[in-house]
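Here is the structure we will look at.
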Amino acid sequence: MNLKLGIPSKGRLQDKTIDWFAQHGITVQRTGSDREYAGQVLGVDNVELVLLSAGEIPKELAAGRIHLGVTGTDLVREKMPRWSDIVAEVEPLGFGHADLVIAVPDCWVDVTTVDDLDAAAAQFRADHGFRLRIATKYHGLVRNYLSGEGVADYQLVDSQGATEGTVKNLTAEAIADITSTGDTLRANGLRILSDGLILQSQATMYASKTAEWDADALSAWGGFAKGCGWAETPF
Amino acid sequence: MKNDRRARIKEVADRLSAGFVSAGALPVETDSLLPADVLLDLYGEDIRARAYVTHDPLQGEQMLRPDFTVPIVQRHMAEGAEPARYTYNGNVWRKQSGGRPAEYTQVGYELFDRTDPAGADAEVFAMFSGMLAGYPLKVTTGDMGVLLAAVDGLKTTDRRRAALRRHVWRPVRFVRLLERYGGMTPPPETRSALLAQVAELGAEKVLEQAGTPQGLRSEQEVLARIALLQQDSAAGPVSAEEVQMLEQVLALKDTSTAALDQLRDMAASFPALQAPADAMEDRLKAMAARRVDVDNLPFEVSFGRTSMEYYDGFVFGFTAPDRPDLPVVASGGRYDALTRVLGQGRSIAAVGGVIRPETLVAVQEGAV
């Protein structure tokens, strides 16, 4: 069975992934028209390239339908409880850096730490009759972090996009979102809490522990390992 | 095989349930699908992580019953007369991390009676103790009321006492707060900087410079908190003696009789502990009258701190010491605080507990 390698189907993440392989002497290229999701790997035998939406890659790794996949640490940790049972981190790739952070409105001059957020949440609940709302799409990661910090009286509200706008729109009081430069947060009058860094994420090569690693797949792994300086076995 | 096990679990559940009924409890049923808003408001995000939430286009968010306590308390508060004894026997659903089944049975007993708290605590404990006699289990008891009373007795600001009370169930933050209030850790730099700026320019000016107000949390709310931060920074630290006393209370762990003696000793220099010591003495007497061996009954002040936020008095738990892989077999306690939140001002005196028949069967299998 061929080793199936899943990479993002478009955009900067795909370009950077292809660059990264090129630096290691492996050519990953798309075939057919720009719009066709097909491609090939030159320099390593028995490899099938699978182009996937970045958000689908964790799911495909977990199901064992791909052996290797490039995706963000944030997505793996959010979407896979007990992720380290399911995938192995082969190598962080050094691009796609993004931080999952908690941010509050600039005008909350009294709130600079998670400690303050907790105190503000208590008072907010008493004043408004409901729990302080934090908009995010990273429910698992944010909940774990706040629960570990012993924060109470908050609730998470789902926001799948334009999360920075939820405070202005009065659908949330604070947000937890991915940022790389912080520009969008600042432009929306939001400030990161000094200890509000939940996770530093970057594009990472993962190996699926649930995929079937037969002789062909392992020999393809060996081909990658030689070029990329990985261990002899995937995990 | 699997069916045999199910049948055995049902047999154990029914036997326990019959035991509660014959002790005078009224069997009650509740819906399996509950409106999520009440449970979410009560338990917060923690319950969302553990319970199954589903969405109905007309009814909004619904939750698969994560426990029986809330629907039973609600029903009792709406239509029940006291004293009341209820029992239930049915399934609950909770997400499990350790590969345990997410659907399991609970058999429980709830007692609502405000006339005799010590007697009610003793009645419930003796009932569980009796039902579980014969199984190789370890019992632990505790009393959240001791810690709450100790916090209430601190010579510090109302705000600080309230903040500590609020986090009694979250040990990490409780310790952090205590260290801050005790002056062991300095306030964060950002706070000192803010207070210096406010002292120089005035709070309104500082707020003005911070940018356009946005969101539901108003400028008045921010100003109110700044005022509180100023008051807090002016208040002196909680004394070293009191911090030490609190740490001693937290660490108290002995047999019940010996723990009561120690509590009495501490109360001599810290009178706030007098009331919980009296309450404990009453309870131990009531338990002894029900043939509970209080001289050998383990007691830990910190027991039950992390199990449920709303336990605010006597708590107990039965575990299988030979089977650390299994969840707690039975647990319970006093949860007047929960009824206060559910009743929005009204409250009832409530004590109860729950047994997991699945775990009991697993304990038996392990013992064979």
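The values are calculated or read from the model by the stated rules, or taken from the named source; none is laboratory data. Predicted, not measured: the structure shown is a model, and the values here were computed from it. So basically every Cβ, Gly included, is an ideal-geometry build from the backbone, and we count neighbours across all protein chains shown.
Annotations
- For the stretch A:150-168, the tally of residues that are assigned to a loop (DSSP other than H, G, I, E, B) and either at the interface with chain B (Cβ under 7 Å from one of its Cβ atoms) or buried (at least 18 other Cβ atoms within 10 Å of the Cβ) (or both) stands at 8.
- Verdict on B:Glu247 being among the acidic types (Asp, Glu), within 14 Å of chain A (Cβ to nearest Cβ) and either out of contact with any strand residue (DSSP E or B) (no Cβ under 8 Å at 6 or more places or on another chain) or over 30 Å from A:Ile134 (Cβ atoms) (or both): no
- When B:Arg15, B:Arg94, B:Arg85 are checked against the criterion of being at pLDDT 90 or above, more than 24 Å from the chain's Cα centre (by Cα) and within 26 Å of B:Leu360 (Cβ to Cβ), a single residue qualifies: B:Arg15.
Here is a yes/no grid of residues against (1) touching a residue at least 24 places away in the same chain (Cβ under 8 Å); (2) closer than 18 Å to B:Val328 by Cβ:
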site: B:Asp4; (1), (2): no, no
site: B:Ser17; (1), (2): yes, no
site: B:Pro27; (1), (2): yes, no
site: B:Glu45; (1), (2): no, no
site: B:Arg50; (1), (2): yes, yes
site: B:Gly60; (1), (2): yes, no
site: B:Pro71; (1), (2): yes, no
site: B:Glu79; (1), (2): no, no
site: B:Val92; (1), (2): yes, yes
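- Within the stretch B:225-275, the set of residues being among the β-branched types (Val, Ile, Thr), within 22 Å of the chain's Cα centre (by Cα) and not in a helix (DSSP H, G or I) comprises just one member, B:Thr255.
- When each of A:Ala207, A:Ala172 is tested for being within 24 Å of the chain's Cα centre (by Cα) and farther than 26 Å from A:Gly94 by Cα, the lone residue that passes is A:Ala172.
- Count of residues meeting criterion [in a strand (DSSP E or B) and among the hydrophobic types (A, V, I, L, M, F, W, C)] in the stretch B:315-368: 8
- All of A:Ile134, A:Ile86 fail the test of being within 23 Å of B:His167 (Cα to Cα) and either of a type in the set (Val, Ile, Thr) or facing another protein chain (nearest Cβ under 7 Å) (or both), apart from A:Ile134.
- Any hit, the stretch A:129-136, residues being surrounded by 23 or more Cβ atoms within 10 Å (Cβ to Cβ), at pLDDT 95 or above, among the polar types (S, T, N, Q) and not assigned by TED's automatic domain parsing to the domain that holds A:Val44: yes
- Index of the failed condition, B:Val175 passing every other in (1) outside the structural domain of B:Glu300 (by TED's automatic domain parsing); (2) over 24 Å from A:Ala152 (Cα atoms); (3) in a helix (DSSP H, G or I); (4) free of Cβ contacts under 8 Å to residues at least 24 places away in the same chain: (2)
- Those helices (runs of 4 or more DSSP H) of the stretch B:1-84 in which 3 or more residues are farther than 30 Å from A:Leu141 by Cβ occupy B:2-22, B:69-79.
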